[in-house]
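Trainee: What follows is a single structure, and I will ask about it in a moment.
Just so it is clear, none of the values below were taken in a lab; they were calculated from the coordinates. Being a predicted model, the structure only gives us computed values, none of them experimental. For neighbour counting, all protein chains shown are included, and Cβ atoms are generated from backbone atoms with ideal geometry for every residue, glycine included.
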């Protein structure tokens, strides 16, 4: 909606402002001064917050804010989300104030309370109770905001960002660490700024935004390098780790090896165990890319031991998936399936999702394992042991392994959350399809089983005449086969058109449905896998006929049922 910049005359001296900001101004003006002040102070909270956090923000000398929150919710300025609240984005932008106004350090009693809240938050995070951790940390942030303790507010924001990162909520994690960086810059603290930039670089890398990750990590390295303090080495080790990870995923292996080795050395000098574990996992992936599976397994196992000792379960899951790729490369598909099943169990227990930067490798590993082992055996291996049992077995380093390569499927098709088709690693562009219908026909053939010509034409051209349909169908089929660069992808037999998956096709809807089908064998693991595969609604935003809407609705309902069932399973003791 467009917001007009000038008031509109309505006669005499009366004026009104149109648009979102005008309506918001009118709603704010109707508030009492106390409610208006509370609303402006709520901008300190970067996401969901509880009534206890609001009480902490208001202070002991203020009346109970429950009634005020009810009034703000009734005025549609604050949204209630069950037992929590969320400030509307437009309201946050309207007040556009700093997160925490500068003030004095916390008095001793409140400092002790802050330490207690931070300890509770860390304990909740380590046990996987991320919602509880976020609630406790939000109370800690409110306590800092009430006193204007900028430095401790930054510490709390970083903890909130790390909690969001462990859950895979990258937009929330990025927002928290951005707020922390602003506070660091306000205090002119170069090392704090460098650490915040490093976290922003890590999040950008996990999201697959390599350009942003390289830019902010380079800035962090420059800041850390200019500081003489010993603790600057850790900030520099973080920056080198981010730059090395980006170089690895961009295929710059020589640069990646140098940067990651330097990062490991500086992390070792500063006893930064988490950094050493991260650097080792990336060096292990680099060795795997270079077909040195012996070195890859050794480095990844050392990384696994460190991450496991630190109880960083979302990273343990990532390392297990990397070790599964090593197992597949050494022709050990059954071992790979056990590792993938253990990683899925950890993600189910913690609620963490697979980072976007790691999804292609995990999808390749899962597809390769499925294709190698019969389904009953696959299910048996997948749920055959607990994650702790699989980790203990993996840390036994006495096996001998051979070397081979993991091969990408010739065709990769994405429909959940994005509509993209790739031949190998090359995405097909609009010009490859000539016009929109060939791509729509591809998705129809992939999601339907009984594809007679009549059924296809009714779905794709419901309003066309018989003559138009005949011409449209054959032209569209011709362009589809040409875009896929070989006619064998679409076959015709017994009066039916079929998509030939035997040539090697990885389709995200197939993975989603396969996980749902296997849920009866190991419900928690397979439902978690299905939820991870569902990255968004079917062909969202892609133009097409009504069949797309029907398929989107059906898949969405299957996803929502899986989420509800998984929540019930997670609550069970």
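Trainee: What distance in nm separates the simple spin-label points at residue 349 and residue 265, each placed 7 Å from Cα in the Cβ direction?
Mentor: Result for the modelled spin labels: 3.8 nm.
Trainee: Using Cα pairs closer than 8 Å and at least 6 residues apart in sequence, work out the relative contact order for region 125-275, in percent. Walk me through the numbers before you get to the answer.
Mentor: Details: 198 pairs, mean separation 21.6, N = 151.
Relative contact order, region 125-275: 14 percent.
Trainee: Mind giving me the nanometre distance, one decimal, between the label points for residue 388 and residue 545, set 7 Å out from Cα along Cα→Cβ?
Mentor: Result for the modelled spin labels: 5.6 nm.
Trainee: At a threshold of 8 angstrom on Cα-Cα distance, excluding pairs fewer than six apart, so keeping six or more, what relative contact order does the chain reach in percent? List each step's numbers first, then the result.
Mentor: Working: 796 pairs, mean separation 44.4, N = 573.
Rounded, it is 8 percent for the chain.
Trainee: Next question, about the same structure. When Rg is the radius of gyration of the Cα atoms in region 291-336 and Rh is its Kirkwood radius, what does Rg/Rh come to? Intermediate results must be reported in sequence, preceding the final value.
Mentor: Numbers: Rg = 10.6 Å, Rh = 10.6 Å.
A ratio of 1.00.
Trainee: From the Cα gyration tensor of region 428-573, with a ≥ b ≥ c the square roots of its eigenvalues, which class applies: rounded if a/c is under 1.5, or else prolate if a/b is larger than b/c, or else oblate?
Mentor: Working: a/c = 2.39, a/b = 2.06, b/c = 1.16.
Cα axes put region 428-573 in the prolate bin.
Trainee: In addition: Starting from 0.36 nm per residue, how many nanometres of slack lie between residue 92 and residue 79 once their C-alpha separation is accounted for? Each step should come with its number before you reach the end.
Mentor: Working: separation 13, 0.36 × 13 = 4.68 nm, distance 1.25 nm.
Contour length minus Cα-Cα distance gives 3.4 nm.
Trainee: With just the Cα atoms defining each centre, how far is region 218-268 from region 159-198? Give it in Å.
Mentor: Cα centres, region 218-268 to region 159-198: 18 Å.
Trainee: Could you estimate the translational diffusion coefficient of region 305-407 from the Stokes-Einstein equation, with Rh from the Kirkwood formula over C-alpha pairs, at 10 °C and 1.306 mPa s, in whole µm²/s? Don't skip to the end; give the middle numbers.
Mentor: On the way: Rh = 13.7 Å.
D = 116 µm²/s.
Trainee: Rounded to the nearest 500 deg cm²/dmol, what is the calculated helix-only ellipticity per residue at 222 nm for the chain, with -39500 (n - 2.57) per DSSP H run of length n ≥ 4?
Mentor: Details: 27 runs with 372 residues, N = 573.
Value at 222 nm, helices only, nearest 500: -21000 deg cm²/dmol.
Trainee: Could I ask something else about it? For the chain, take the convex hull of the Cα atoms, compute a quarter of its surface area, and give me that in nm², please.
Mentor: On the way: hull surface 132.2 nm².
Directional mean of the projected Cα hull area for the chain stands at 33.0 nm².
Trainee: Given a Förster radius of 30 Å and the C-beta distance between residue 258 and residue 310 as r, what FRET efficiency does 1/(1 + (r/R0)^6) yield to the nearest 0.05?
Mentor: Details: r = 26 Å, r/R0 = 0.86.
My answer for the efficiency is 0.70.
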